[in-house]
Amino acid sequence: HAETFKVTEILQPLASAPTPPNRSSADVISIYSSAYTDVVDTNYFPDWNQASQGSSWAEFDLNGDKMLQYINLSYQGIALKDGTSIDVSGMEYLHMDVWTSGDATHLETSLINNASGTTTEKPVTKSLTAGQWTSIEIPIKDYTDQGLTVTEIFQMKFVGTPWATGTVFIDNIYFYKSPSVANTV
(Lines give C-alpha, C1' and ligand atoms only; values in the text may rest on other atoms or scores of the structure.)
Protein backbone atom coordinates (compact mmCIF):
# COMPACT_ATOMS: atom_id res chain seq x y z
CA HIS A 1 0.00 0.00 0.00
CA ALA A 2 1.11 3.56 -0.64
CA GLU A 3 1.93 5.97 2.14
CA THR A 4 1.54 9.69 1.86
CA PHE A 5 3.98 11.91 3.63
CA LYS A 6 4.75 15.60 3.56
CA VAL A 7 8.25 16.90 2.89
CA THR A 8 8.98 20.19 4.59
CA GLU A 9 11.85 22.17 3.13
CA ILE A 10 13.68 24.16 5.76
CA LEU A 11 14.17 27.66 4.39
CA GLN A 12 15.61 29.37 7.45
CA PRO A 13 17.95 28.44 10.28
CA LEU A 14 16.38 26.64 13.23
CA ALA A 15 19.39 27.25 15.48
CA SER A 16 21.58 30.28 16.07
CA ALA A 17 25.06 30.60 14.63
CA PRO A 18 27.87 29.39 16.90
CA THR A 19 28.63 31.86 19.69
CA PRO A 20 31.88 33.71 18.97
CA PRO A 21 34.73 33.21 21.42
CA ASN A 22 35.24 35.73 24.18
CA ARG A 23 37.81 38.16 22.77
CA SER A 24 39.34 41.35 24.12
CA SER A 25 37.89 44.47 22.48
CA ALA A 26 41.44 45.32 21.36
CA ASP A 27 41.47 42.14 19.26
CA VAL A 28 38.11 42.63 17.46
CA ILE A 29 36.44 45.09 15.13
CA SER A 30 32.81 43.99 14.98
CA ILE A 31 30.48 44.91 12.13
CA TYR A 32 27.44 42.80 13.13
CA SER A 33 27.41 40.53 16.18
CA SER A 34 25.62 40.48 19.51
CA ALA A 35 28.80 39.05 21.10
CA TYR A 36 30.84 42.22 20.54
CA THR A 37 30.30 45.97 20.30
CA ASP A 38 29.57 46.84 16.67
CA VAL A 39 30.93 49.86 14.82
CA VAL A 40 28.29 52.53 15.56
CA ASP A 41 25.71 53.71 13.03
CA THR A 42 26.49 50.98 10.49
CA ASN A 43 23.93 50.66 7.69
CA TYR A 44 23.31 46.96 7.01
CA PHE A 45 20.84 47.61 4.19
CA PRO A 46 22.03 50.54 2.08
CA ASP A 47 19.85 50.52 -1.02
CA TRP A 48 22.23 50.07 -3.94
CA ASN A 49 19.28 49.31 -6.30
CA GLN A 50 19.22 45.59 -5.56
CA ALA A 51 15.41 45.57 -5.74
CA SER A 52 15.74 45.90 -9.51
CA GLN A 53 17.51 42.50 -9.40
CA GLY A 54 14.62 41.01 -7.41
CA SER A 55 16.68 41.10 -4.22
CA SER A 56 15.51 42.12 -0.78
CA TRP A 57 16.67 42.10 2.82
CA ALA A 58 15.46 41.92 6.40
CA GLU A 59 16.74 41.50 9.91
CA PHE A 60 15.65 37.99 10.84
CA ASP A 61 14.79 37.29 14.47
CA LEU A 62 15.31 33.69 15.63
CA ASN A 63 13.92 33.56 19.17
CA GLY A 64 15.52 36.89 20.05
CA ASP A 65 18.78 36.27 18.15
CA LYS A 66 18.96 38.73 15.28
CA MET A 67 20.81 38.09 12.02
CA LEU A 68 20.95 39.66 8.58
CA GLN A 69 18.81 38.03 5.87
CA TYR A 70 19.59 38.74 2.24
CA ILE A 71 16.79 37.45 0.01
CA ASN A 72 17.43 36.46 -3.63
CA LEU A 73 20.92 37.85 -3.16
CA SER A 74 22.35 39.56 -6.21
CA TYR A 75 24.62 41.88 -4.27
CA GLN A 76 24.17 43.69 -0.98
CA GLY A 77 26.33 46.10 0.89
CA ILE A 78 27.12 47.16 4.39
CA ALA A 79 28.15 50.79 4.76
CA LEU A 80 29.76 52.46 7.73
CA LYS A 81 28.42 55.87 8.72
CA ASP A 82 29.36 58.56 6.19
CA GLY A 83 32.90 59.75 6.79
CA THR A 84 33.72 56.70 8.92
CA SER A 85 36.20 53.97 8.03
CA ILE A 86 38.01 51.24 9.92
CA ASP A 87 41.65 50.21 9.71
CA VAL A 88 41.77 46.41 9.61
CA SER A 89 45.47 46.21 8.69
CA GLY A 90 46.24 45.07 12.26
CA MET A 91 43.63 42.30 12.11
CA GLU A 92 44.34 38.78 10.84
CA TYR A 93 40.91 37.49 9.75
CA LEU A 94 37.42 38.47 8.66
CA HIS A 95 34.90 36.08 10.27
CA MET A 96 31.27 35.47 9.26
CA ASP A 97 28.70 32.78 9.92
CA VAL A 98 26.46 32.13 6.91
CA TRP A 99 23.39 29.88 6.58
CA THR A 100 21.57 28.93 3.38
CA SER A 101 18.93 26.32 2.57
CA GLY A 102 21.06 25.41 -0.44
CA ASP A 103 19.70 27.87 -2.99
CA ALA A 104 22.96 29.84 -2.65
CA THR A 105 26.15 27.86 -3.27
CA HIS A 106 28.84 30.54 -2.91
CA LEU A 107 29.22 33.91 -1.24
CA GLU A 108 31.64 36.50 -2.56
CA THR A 109 32.73 39.03 0.07
CA SER A 110 34.46 42.23 -0.96
CA LEU A 111 36.15 44.74 1.30
CA ILE A 112 35.86 48.28 -0.08
CA ASN A 113 38.57 50.74 0.87
CA ASN A 114 38.63 54.52 0.49
CA ALA A 115 42.32 55.31 1.04
CA SER A 116 43.06 58.93 0.14
CA GLY A 117 39.65 59.26 -1.51
CA THR A 118 40.30 56.49 -4.06
CA THR A 119 37.75 53.67 -3.81
CA THR A 120 39.13 50.17 -4.41
CA GLU A 121 37.64 46.75 -3.70
CA LYS A 122 38.72 43.12 -3.91
CA PRO A 123 36.58 39.95 -3.57
CA VAL A 124 37.11 36.58 -1.89
CA THR A 125 34.62 33.79 -2.68
CA LYS A 126 33.78 30.92 -0.31
CA SER A 127 31.54 27.85 -0.71
CA LEU A 128 28.44 27.46 1.46
CA THR A 129 27.07 24.25 2.96
CA ALA A 130 23.31 23.76 2.63
CA GLY A 131 21.17 23.54 5.75
CA GLN A 132 23.82 24.44 8.30
CA TRP A 133 25.93 27.35 9.46
CA THR A 134 29.14 27.79 7.46
CA SER A 135 31.82 29.55 9.50
CA ILE A 136 33.89 31.58 7.08
CA GLU A 137 37.39 32.74 8.01
CA ILE A 138 39.04 34.94 5.39
CA PRO A 139 42.65 35.94 6.09
CA ILE A 140 43.10 39.70 5.62
CA LYS A 141 46.16 38.61 3.60
CA ASP A 142 43.73 37.24 0.96
CA TYR A 143 42.73 40.88 0.33
CA THR A 144 46.14 42.55 0.70
CA ASP A 145 47.75 39.92 -1.57
CA GLN A 146 45.41 41.21 -4.31
CA GLY A 147 46.81 44.70 -3.78
CA LEU A 148 43.98 46.05 -1.62
CA THR A 149 44.85 48.62 1.02
CA VAL A 150 42.80 47.87 4.15
CA THR A 151 43.45 50.97 6.24
CA GLU A 152 40.19 52.77 5.39
CA ILE A 153 37.50 50.13 4.91
CA PHE A 154 34.15 51.90 4.68
CA GLN A 155 31.96 49.31 2.95
CA MET A 156 31.58 45.59 2.43
CA LYS A 157 29.75 43.88 -0.43
CA PHE A 158 28.24 40.40 -0.66
CA VAL A 159 27.47 38.73 -3.99
CA GLY A 160 25.45 35.52 -4.20
CA THR A 161 25.92 32.57 -6.56
CA PRO A 162 23.70 31.81 -8.34
CA TRP A 163 22.85 35.46 -9.04
CA ALA A 164 19.68 36.84 -7.41
CA THR A 165 18.34 33.37 -6.56
CA GLY A 166 19.58 32.29 -3.14
CA THR A 167 18.82 33.54 0.33
CA VAL A 168 21.54 33.79 2.94
CA PHE A 169 21.45 34.54 6.65
CA ILE A 170 24.63 36.17 7.99
CA ASP A 171 25.65 36.66 11.61
CA ASN A 172 28.82 37.44 13.53
CA ILE A 173 30.59 39.62 10.96
CA TYR A 174 33.81 40.78 12.58
CA PHE A 175 37.54 41.21 12.04
CA TYR A 176 39.87 39.72 14.63
CA LYS A 177 43.46 38.96 15.51
CA SER A 178 45.10 36.52 17.89
CA PRO A 179 44.97 37.72 21.50
CA SER A 180 47.61 40.23 22.42
CA VAL A 181 50.02 38.56 24.86
CA ALA A 182 50.65 40.57 28.01
CA ASN A 183 54.29 41.21 28.83
CA THR A 184 54.96 39.47 32.15
CA VAL A 185 58.19 40.26 33.97
Exercise. Got at least one residue in segment 5-19 being within 18 Å of T109 (Cβ to Cβ) and touching a Gly at 6+ places or on another chain (Cβ under 8 Å)?
Worked result: no
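Just checking, how many residues over segment 107-150 are closer than 16 Å to G77 by Cα and touching a Lys or Arg at 6+ places or on another chain (Cβ under 9 Å)? Outline the logic, then answer.
Residues of segment 107-150 closer than 16 Å to G77 by Cα: 107-114, 119-125.
Add one more test, that the residue is touching a Lys or Arg at 6+ places or on another chain (Cβ under 9 Å), and what stays is 107-113, 121, 123.
The total comes to 9.
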Exercise. Among the residues of segment 168-185, how many are at pLDDT 95 or above, out of contact with any His (no Cβ under 8 Å at 6 or more places or on another chain) and not charged (D, E, K, R)?
Worked result: 3
Exercise. Name the pairs: first residue in segment 46-64 and free of Cβ contacts under 8 Å to residues at least 24 places away in the same chain, second residue open to solvent by 80 Å² or more (accessible area, probe 1.4 Å), Cβ to Cβ under 6 Å, at least 6 apart or on different chains?
Worked result: E59/K66
For this session: Scan segment 106-128 residue by residue and report those that are assigned to a loop (DSSP other than H, G, I, E, B) and either within 20 Å of E92 (Cα to Cα) or open to solvent by 60 Å² or more (accessible area, probe 1.4 Å) (or both).
Result: N114, T118, T119
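Yes or no, residue by residue, for (1) surrounded by fewer than 18 Cβ atoms within 10 Å (Cβ to Cβ); (2) of a type outside the set (D, E):
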residue	(1), (2)
Y32	no, yes
D41	yes, no
Q50	no, yes
L62	yes, yes
L68	no, yes
T84	yes, yes
Problem set entry | Lone qualifier among I136, I140 - being of a type in the set (V, I, T), in contact (Cβ under 8 Å) with a residue 40 or more places away in the chain, crowded, with 16+ Cβ neighbours inside 10 Å and over 26 Å from A164 (Cβ atoms) | I140
Exercise. Checking L148 against (1) without any contact (Cβ under 8 Å) to a residue 40 or more places away in the chain; (2) open to solvent by 40 Å² or more (accessible area, probe 1.4 Å), which test does it fail?
Worked result: (2)
For this session: Read through the list (1) within 16 Å of the chain's Cα centre (by Cα); (2) open to solvent by 50 Å² or more (accessible area, probe 1.4 Å); (3) small (G, A, S), then give the number of the only condition that G166 fails.
Result: (2)
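The values are calculated or read from the model by the stated rules, or taken from the named source; none is laboratory data. Since the structure is predicted, the reported quantities are computational estimates derived from the model, not experimental observations. Here Cβ is always computed from backbone atoms with ideal geometry, including for glycine, and neighbour counts include all displayed protein chains. Just so you know, the surface numbers come from the protein's heavy atoms only, side chains and all, with ligands and any DNA or RNA stripped out. Shrake-Rupley method; radii C 1.70, N 1.55, O 1.52, S 1.80 Å.
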